[in-house]
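Here is the structure we will look at, set down as structure tokens.
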Amino acid sequence: MAISLLVLYVFTTTEIHQLLKLKTFVEHYHEHQTHNSFITMIEFLQIHYGQSDVVDADYERDMELPFKSCSSSFISFQMIMTEVQHYTSTPFKDFYITQTFIPMRSVLTPSYLSAIWQPPRFV
């Protein structure tokens with residue numbers, strides 16, 4: 001049950017369902033090979049995926065290839081809260097900002113960091 005729900009979710013929310021069109025891809029490649037027996041797979045990919053879409057005689061067939069068109073159908077899962085949330089507010093308490101002076105000597109001492117960068121010593 002979990003696997004079938006996962007497959008349903010992946011196929012409906014991502015474009016992985018385009019892989020089901022691989023049969024059309026192979027058939028269209030063989031159609032191109034009947035017209036031009038010297039066409040390679042790289043040339044076929046360059047024609048159909050490497051350049052902008054050219055409206056020609058087989059444009060509709062080209063749009064059936066995988067990842068040529070996007071389908072925007074997906075299932076949306078939504079969760080609706082049925083309980084009413086009650087929020088209470090607490091009265092704002094006054095607070096005062098106090099400033100304290102910290103002398104710069106106590107924050108950064110020159111020997112504090114310089115002790116780290118010492119060469120190794122023989123003990």
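Here, each number is a calculation from the coordinates, and none is a lab measurement. For clarity, every value in this text was computed on a predicted model and none was experimentally measured. Here the Cβ is made from the backbone with ideal geometry for all residues, glycine too, and neighbour counts use every protein chain on show.
Things worth noting here:
- Listed by Cβ neighbour count within 10 Å, with the fewest neighbours leading, ARG121, ARG61 appear as ARG121, ARG61.
- Rounded FRET efficiency, nearest 0.05, which uses the C-beta distance separating MET1 from GLU64 and R0 of 25 Å: 0.15
- Panel values: region 19-71, Kirkwood radius from alpha carbon pairs, Stokes-Einstein at 10 °C and 1.306 mPa s, translational diffusion coefficient 138 µm²/s.
- Fully extending the segment from ASP56 to ASN36, taken as 0.36 nm per residue of separation minus the present Cα-Cα distance, adds 5.6 nm.
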